[in-house]
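Beneath this line is the structure, given in structure tokens, with notes to follow.
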Amino acid sequence: MATIEELRIRRPDDWHLHVRDGDVLGDAVPHSARQFARAVIMPNLKPPVVSVEQALQYRERILDALPQGSNFNPLMTIYLTDSTSPKEIRKAVDSGLIVGVKLYPAGATTHSDAGVTDIRNTYPTLQAMQDLGLPLLVHGEATAPSVDIFDREQVFIDNTLIPLVEQFPGLKIVLEHITTAQAVEFVREAPERVGATVTPQHILMNRNALFQGGMRPHHFCLPVLKRETHRVAIMEALAEGHPRFFLGTDSAPHPQGAKESACGCAGIFSAPAAIEFYAEAFEQAGALDKLEAFASLNGPAFYGLPVNEDFITLRREPLSLPEAYPFGKERVVPLRAGGQLSWRLVD
Ligand code: NCD
Ligand code: ZN
């Protein structure tokens, strides 16, 4: 079979992205705006984006940080807390600019201290989301210190998510950045209103990458990389073209010094070559023909949004990544810094 040299697909969207704020915003957003038409912007700023007003102001700052002429459309989210009100949900829907509410179990990840301590505290709010059709975006990890870090996703699915899906029979739910065979199984068996995003790192690497010749802080993210069997299970679902899995990079830049530290932050910065990373993973799985649906069709279908009108071209050409990119007064190290990819976005 002749190898494919060029791939033209509808312009993709990123359904899970961190662009931060302040003096680094202008260094973060352009990487994504170059490739994606839209991105779901995570609200875990410090302090978190808990109100519609804050989300709309944050949206303006993102638009201001865009390169001239960019049409990139940030799809905003608010951060669910124990005290988010049903009234705020109504406001979010009325704004027309907020596509979801993010659930971080308190303490699960970067800037999640304000997260939900007990899901039952949020039931009236979840009820409003169900009634108004606003999706719940979930960081699916159990946070009890007794739970092994590699089991956190599975325990969360069993103890929190499966009951939640039953409790709210009309609520749209996205299990974000899935990492396990159990998460794949959960989505496969769940009703159609349940979907999942998949990051590039969780289909390109397994947990060995954390200790490749030494500790690799730039491969550390949450949920943490899992064993190879889990990577394979996720990639299988994508390779068969399952419609409820879609692209969400979880690109999460941190300054170099905060990653290369005695207590390094969780988060992998994949935005500079996001679509190229996915192309590599899909090619490895012999599933390049499924990339477009995953990257450009399944997400809009789930969120009930139109697909993008324009197309992008990926060419089989070496793409070299620098050791770091500017990031405010510091630098940020991308996934595969100083390395190469085999696909390149050409226009
Ligand atoms: C994210 C971050 O740095 O904001 N980190 C990560 O490892 N994924 C937070 C998150 O999405 O969990
Ligand atoms: Zn994230």
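Please work out the average accessible area per residue across the chain, using the 1.4 Å probe convention, and give it in Å².
Values: 14080 Å² over 347 residues.
I get 41 Å² per residue for the chain.
Under a point-charge model restricted to the Cβ atoms of Lys and Arg (+1) and Asp and Glu (-1), what is the dipole moment magnitude of the stretch 9-309 relative to its Cα centre, in debye to the nearest 20? Could you put the intermediate results ahead of the total?
Numbers: 25 positive and 35 negative charges, 49 e Å.
My answer is approximately 240 debye.
Quick check: convex hull of the Cα atoms in the stretch 271-341, volume per residue, rounded to a whole Å³? Please list the in-between numbers first.
On the way: hull volume 8.9 nm³, N = 71.
Output value, Cα hull per residue: 125 Å³.
For residue 87, list the aspartates and glutamates whose Cα falls under 15 Å from its own Cα; do not include residues on the same chain fewer than 8 positions away.
Straight-distance partners of residue 87: 53, 131.
Hey, if you put +1 on the Cβ of every Lys and Arg and -1 on every Asp and Glu Cβ in the stretch 9-309, which of 171, 124, 249 ends up farthest toward the positive end of that dipole?
The Cα lying farthest towards the positive end belongs to 124.
Ignoring ligands, DNA and RNA, what percent of the 1.4 Å accessible area of the stretch 9-309 is carbon and sulfur? Please list the in-between numbers first.
On the way: 5670 of 11270 Å².
Carbon plus sulfur share of accessible area: 50 percent.
How far apart, in nanometres, would the label points at residue 149 and residue 120 be if each is projected 7 angstrom from Cα along the Cα-to-Cβ direction?
A separation of 3.1 nm, rounded to one decimal place.
Indicate, rounded to the nearest 5 percent, the antiparallel portion of the DSSP beta bridges found entirely in the chain.
Values: 13 of 37 bridges.
Beta bridges within the chain, antiparallel portion: roughly 35 percent.
Within straight cross-link reach of residue 226, meaning Cα distance under 27 Å, which lysines are found once same-chain residues fewer than 8 apart are removed?
Counting by Cα, and skipping residues close in sequence, residue 226 has these lysines nearby: 102, 172, 259, 290.
Please report, in whole Å, how far the alpha carbons of the chain spread along each principal axis, starting with the longest.
For the chain, the Cα spread along each principal axis is 54, 44, 44 Å.
Ratio to report: Rg/Rh of the stretch 70-118, with Cα atoms as the point set and Rh obtained by the Kirkwood method; give two decimals. Kindly include the intermediate steps, with their values, before the conclusion.
Details: Rg = 12.5 Å, Rh = 11.9 Å.
On the Cα set of the stretch 70-118, Rg over Rh gives 1.05.
Normalised by the residues of the stretch 88-131, what does the relative contact order come to in percent, with Cα pairs under 8 Å and at least six apart?
Reported relative contact order: 31 percent.
The values are calculated or read from the model by the stated rules, or taken from the named source; none is laboratory data. Quick caveat, the model's predicted, so the values are computed rather than measured. Here the Cβ is made from the backbone with ideal geometry for all residues, glycine too, and neighbour counts use every protein chain on show. The accessibility values were calculated without ligands, DNA or RNA, using every heavy atom of the protein model including side chains. Shrake-Rupley method; radii C 1.70, N 1.55, O 1.52, S 1.80 Å.
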